[in-house]
Amino acid sequence: MLEIKDLRASIEDKEILKGINLTVKPGEVHAIMGPNGSGKSTLSSVLTGHPAFTVTGGSVSFYGKDLLALSPEDRAHEGLFLSFQYPVEIPGVSMVNFMRTALNEKRKYFGQEPLSAADFLKLMREKRSIVQLDNKLASRAVNEGFSGGEKKRNEIFQMAMLEPRLSILDETDSGLDIDALRIVASGVNTLKSKDNATIVITHYQRLLDYIKPDFVHVLYKGRIVMSAGPELALELEEKGYDWIKEQVDAQQ
Amino acid sequence: MNALKQYIDLFDQNSSLIEEQSPALLNTLRRVAREHLQDAQLPRKGSEDYEATDLEAVFAHDYGVNVNRLPFEADPANTFHCDVPNMSTCMYYNSNDTFHSSATAERNIGQVVVEPFSMAAVDYPEVMSDHYGKLANLSDPTVALNTLLLQDGLFIYVPDGVVAERPIQLVNIFNAALDMMVQRRLLIIVGKNAAIKLLACDHTQSPDYHYLNNQVVEIVAMQGSTVDFYDMEESTPLTSRVSSIYVEQHEGSNVLIDGITLVNGFTRNNYHVEVNGEHAETQLLGMTIASGNQHVDSHTFISHNAPHCHSNEMFKYVLNDNAVGAFAGKILVKPNCPRVEAYQGNRNLCGAPTAKMYTKPQLEIYTDDVMCSHGSAVGQLDEEALFYMRTRGIGIDEARRLLMQAFVADVIDGVRLDALKDRLHYLVEKRFAGTLSNCAGCLQACRKS
């Protein structure tokens, strides 16, 4: 579904991604790990089309479409979803209004009629239960005054509503206590199917105990320097990143 | 060149005609206004309190004045559909400069007096003469001009202890087939422990003519009274408005003034509040949504002349395209007024780099033991919030609209009339979507913004 080839990107003339190659197929879970500043969050920003980053080379194909040519909203319509590391607070925009607009814009993109109010609220109820968010959520402003755990659960709730084909979870475990982590992870696992895929960006092995990856990649200095099975995550947890850094730095 | 001259000359040539058709009460003050205008000049852009606004240029246009009191359309309710309907209000119409009541006016019969000055001068001569022109300041040339040319106005009187059951709605319409200036005037007297909610909306039916509404409103809130005055403008790019609202508050009164501009050409709104009695509360709210070449300037002055009073002021602007907004707010706390709480806020969103906002907060405090603050900010749409929404599939235009609507939501929520609050949320949504009823013939092209 996703094919990233030699992707390069920079921000304010500083190159952050220096040739990323990654292929993701339906049903797979990929974990991307790496030390701070290696470009993990930049990768998710570039894939979703954040305007602050400039793509300087390479290509990304998503179900055969040139992803980089699409606007952020069209990428979402095509089935790409990002769970933000720091979900944005939007005072004055209620969750219900936000979600209804998002859903109906997607339906418009595919030439469908807007959802009726009743069907929409039913869907909200159903999806909310996946991450145990209470019903006050609908009237609250998007992420405003939400606790760290609520914000992350809210991200997974939105993912459930939008039913993406590829979800990128950017440090979804950061700021979560164990209980919230379990709820979030079980939500992600509930939504998993043979037709969709997940990229999990994380620092720690901890999240991968709950969301089992098929592949683990190490991102360092803007490149994927190592790819292996889930056992690599365990090895990293034990030994840290230094041995990889040394290997890579020695080669250069 | 002095733009006032054409109107003063017109008065001098027609003074006897004007005076014959007006209640005597108006004529007494008219002579005083004439003296004030003898050497008066309208403020030019850059003069004090007019940093962004050129009144001379606004009045320089050759407007017609209805000196002969020619009647306009008999019943505007037949042809005009107001954007704020079905609120169970008592509806009154003001077609250009002529008042009409409607069938709904009977709803408040026996409670509230709403009638033109020509009738009120006969029915309530003492109330009229006690209050007409007492608050309005004739050294402001626009107020003097209003007083000079005024032939009729609307008198709203809520006697002591009367709580008006229904809101009063006054629909002001421009529909004359010529360029025209009108003097609109309201005198609102709310008695002791009385209460009333008023909604005035300014509309323009004919988008092809230049109109100027030179308006003066005087509101007296007696001891323990409650007054809500919502003043909404939804006109056209060729419509100008200069409005001065004067308020006097007595002990324990509670007054809310809310100025809303959805569509206009040029607008200057002056608010002058004298808080004279203890334990009075004042809410002064403003919301402006401007695009194209709209110009909206609000000038506020709240004078705390008594202790233990509370005022809260919040003005919000959303400006797009080449729109210009201005806000100047002054709060004065006089000596010996302890325990006054006065807050002022002005928040502005510039959605385009070509939009301009001028803002000037001012506090003058001559008493210790008060709590006062002011805050003023001009910003752009939150880029991160926009991106967040786009990653959820909300297109950039829709995302901008949602954020702009959210920005003004709390000012709308300050409205103390539920039906109007809901209606305003709806109208603002339509305004940002460019689908207000008068948008079809409008030149603003706000669809882009």
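Once you have a ≥ b ≥ c as the square roots of the Cα gyration tensor eigenvalues for the range A:101-200, tell me rounded if a/c is under 1.5, and otherwise prolate or oblate according to whether a/b is larger than b/c.
Taking the square roots of the gyration eigenvalues as a ≥ b ≥ c, the range A:101-200 is oblate.
At what distance in angstrom do the alpha carbon centres of the range B:299-333 and the range B:398-429 lie from each other?
Using only Cα atoms, the two centres lie 20 Å from each other.
Between B:125, B:43, B:167, find the one with the highest GNM mean-square fluctuation for chain B; connect C-alpha pairs within less than 10 Å.
The residue that fluctuates most here is B:125.
I need to check one value: relative contact order of chain A, counting alpha carbon pairs closer than 8 Å and at least 6 residues apart, in percent.
For chain A, the relative contact order is 28 percent.
Averaged over its residues, how many other protein chain Cβ atoms are within 10 Å of peptide A:47-57's Cβ atoms?
2
Which net charge results when you count Lys and Arg as +1 and Asp and Glu as -1 among the other residues whose beta-carbon is under 13 Å from that of residue B:63?
Every neighbour counted, the sum reads -2.
Just counting partner chain Cβ atoms within 10 Å, what average do the residues of peptide B:396-403 show around their Cβ?
On the way: counts 3, 1, 6, 8, 0, 1, 8, 4.
Per residue, the average neighbour count from other chains is 4.
Over the Cα atoms of the range B:298-449, what is the Rg over Rh ratio if Rh follows Kirkwood? List each step's numbers first, then the result.
On the way: Rg = 18.5 Å, Rh = 17.5 Å.
Here Rg/Rh amounts to 1.06.
Inverting the mean 1/r over all pairs of different Cα atoms, compute the Kirkwood radius of the range B:126-174 and quote it in Å. Kindly include the intermediate steps, with their values, before the conclusion.
On the way: mean 1/r = 0.0738 Å⁻¹.
After inverting the mean inverse Cα-Cα distance, the result is 13.5 Å.
Any chance you could run the full-extension gain for residue B:177 through residue B:364? It's 0.36 nm times the residue separation minus the Cα-Cα distance, nm to one decimal.
62.6 nm
Averaging over every viewing direction, what projected area does the convex hull of the Cα atoms of the protein assembly as shown cover, in nm²?
Across all orientations, the protein assembly as shown yields a mean hull projection of 35.6 nm².
Percent antiparallel among DSSP beta bridges with both residues in chain A, to the nearest 5?
Antiparallel bridges: around 60 percent, rounded to the nearest 5.
Given a Förster distance of 60 Å, report the FRET efficiency between residue B:111 and residue A:122 from their Cβ-Cβ distance, rounded to the nearest 0.05. Write out the running numbers ahead of the final one.
Numbers: r = 47 Å, r/R0 = 0.78.
It comes to 0.80.
Of B:258, B:49, A:242, how do they rank once you tally other Cβ atoms within 10 Å and put the fewest first?
A:242, B:49, B:258
Note the full-extension length gain between residue A:203 and residue A:190 as 0.36 nm times their separation in residues minus their Cα-Cα distance, in nm to one decimal.
2.4 nm
Where in the range A:165-183 does the label zone of residue A:109 land, with the point 7 angstrom along Cα→C-beta and an amide N cut-off under 20 Å?
A:165-170
Net charge around residue A:109, counting only other residues with Cβ within less than 9 Å of its Cβ (Lys, Arg = +1; Asp, Glu = -1)?
Value of the local net charge: -1.
Could you point to the residue in B:346, B:242, B:55 farthest towards the positive end of chain B's charge dipole, with +1 and -1 charges on the Cβ of Lys/Arg and Asp/Glu respectively?
Of B:346, B:242, B:55, it is B:346.
With n ≥ 4 as the cut-off for DSSP H runs, can you work out [θ] at 222 nm for chain B, using -39500 (n - 2.57) per run divided by the number of residues, rounded to the nearest 500?
Dividing the helical sum by the residues of chain B leaves -7000 deg cm²/dmol.
Kirkwood Rh over alpha-carbon pairs of chain A, then Stokes-Einstein at 4 °C and 1.567 mPa s: what D in µm² s⁻¹, rounded to an integer?
Values: Rh = 18.9 Å.
Estimated via Stokes-Einstein, D reaches 69 µm²/s.
What number in nm² do you get for the range B:3-49 if you take the convex hull of its Cα atoms and divide its surface by four?
Details: hull surface 16.3 nm².
Reported value for the Cα convex hull: 4.1 nm².
Take the alpha carbon gyration tensor of the range A:1-93, find the square roots of its eigenvalues, order them as a ≥ b ≥ c, and report rounded if a/c is under 1.5; if not, report prolate when a/b exceeds b/c, else oblate.
rounded
Residue B:193 to residue B:126: FRET efficiency via 1/(1 + (r/R0)^6), r the Cβ-Cβ distance, R0 25 Å, to the nearest 0.05? Please report the intermediate quantities before stating the final value.
Details: r = 20 Å, r/R0 = 0.80.
Using R0 = 25 Å, I get an efficiency of 0.80.
So how strong a dipole does the range B:181-245 carry about its Cα centre when Lys and Arg Cβ are +1 and Asp and Glu Cβ are -1, to the nearest 20 debye?
Values: 5 positive and 7 negative charges, 61 e Å.
Using only the charged Cβ atoms, the result is roughly 300 debye.
If you keep only loop residues by DSSP, which GluC sites (Glu not before Pro) in the range B:1-60 have at most 12 other Cβ atoms within 10 Å of their Cβ?
Sites meeting the loop and neighbour criteria: B:48.
If R₀ is 25 angstrom, what is the calculated FRET efficiency for the pair residue B:334 and residue B:139, using the beta carbon separation as r and rounding to 0.05?
Plugging the Cβ-Cβ distance into 1/(1 + (r/R0)^6) gives 0.80.
Suppose the chain between residue A:212 and residue A:252 were pulled fully straight at 0.36 nm per residue; how much longer would it get relative to their current alpha carbon spacing?
Details: separation 40, 0.36 × 40 = 14.40 nm, distance 3.26 nm.
Length gained, residue A:212 through residue A:252: 11.1 nm.
Give me the angle, in degrees from 0 to 90, between the Cα long axis of helix A:95-109 and the longest principal axis of the Cα atoms of chain A, rounded to the nearest 10.
For A:95-109 against chain A, the angle is about 80 degrees.
Between the range A:167-235 and the range B:136-159, how many Å separate their Cα centres?
72
Among the DSSP beta bridges whose two residues both lie in the protein assembly as shown, what percent are antiparallel, rounded to the nearest 5?
DSSP beta bridges in the protein assembly as shown are roughly 20 percent antiparallel.
Given N residues in chain B, what is Rg(Cα) / (2.2 N^0.38 Å)?
Here the Cα radius of gyration is 0.95 times the empirical estimate.
Can you list the residues, at least 5 places off or on another chain, whose amide H is less than 5 Å from the amide H of residue B:376, using H built in the peptide plane?
Long-range HN contacts for residue B:376: B:346.
Which residues make up the longest stretch of chain A that has no chymotrypsin sites (Phe, Trp or Tyr not before Pro) in a DSSP loop with at most 14 other Cβ atoms within 10 Å?
Maximal segment without exposed cleavage sites: A:111-203.
Taking every Cα atom in the range B:167-297, find the radius of gyration and the maximum pairwise distance Dmax, and write them in Å.
Taking only Cα atoms of the range B:167-297, I get Rg and Dmax of 15.4, 49 Å.
List the pairs from A:40/A:239; B:45/B:330; A:151/A:245; B:134/B:192; A:18/A:239; A:5/A:212 whose alpha-carbon separation is above 27 Å, in the order I gave them. If you can, show how the numbers build up before the last one.
Working: A:40/A:239 20 Å; B:45/B:330 19 Å; A:151/A:245 33 Å; B:134/B:192 19 Å; A:18/A:239 25 Å; A:5/A:212 25 Å.
Over 27 Å Cα-Cα: A:151/A:245.
Measuring from a point 7 Å past the Cα of residue B:118 along Cα-to-C-beta, which residues in the range B:12-26 have an amide N at less than 13 Å?
B:18-24
What percent antiparallel are the DSSP beta bridges of chain B, to the nearest 5?
So the antiparallel bridges amount to about 5 percent of the total.
Looking at the range B:384-431, which trypsin sites (Lys or Arg not before Pro) are DSSP coil and have at most 16 other C-beta atoms within 10 Å of their C-beta? Numbers along the way, then the final one.
Details: sites: B:390, B:392, B:400, B:401, B:416, B:421, B:423, B:430, B:431; in loops: B:392, B:416.
When the trypsin sites (Lys or Arg not before Pro) of the range B:384-431 are filtered for loop state and at most 16 Cβ neighbours within 10 Å, B:416 remain.
Within 9 Å, Cβ to Cβ, of residue B:311, how many net charges do the neighbouring residues add up to if Lys/Arg are +1 and Asp/Glu are -1?
-3
FYI, it's all coordinate maths here, none of it is from the lab. Remember, it's a predicted structure, so these values are computed and weren't measured experimentally. A quick note on method: Cβ atoms are made from the backbone with ideal geometry, for glycine too, and the neighbour counts reach across all protein chains shown.
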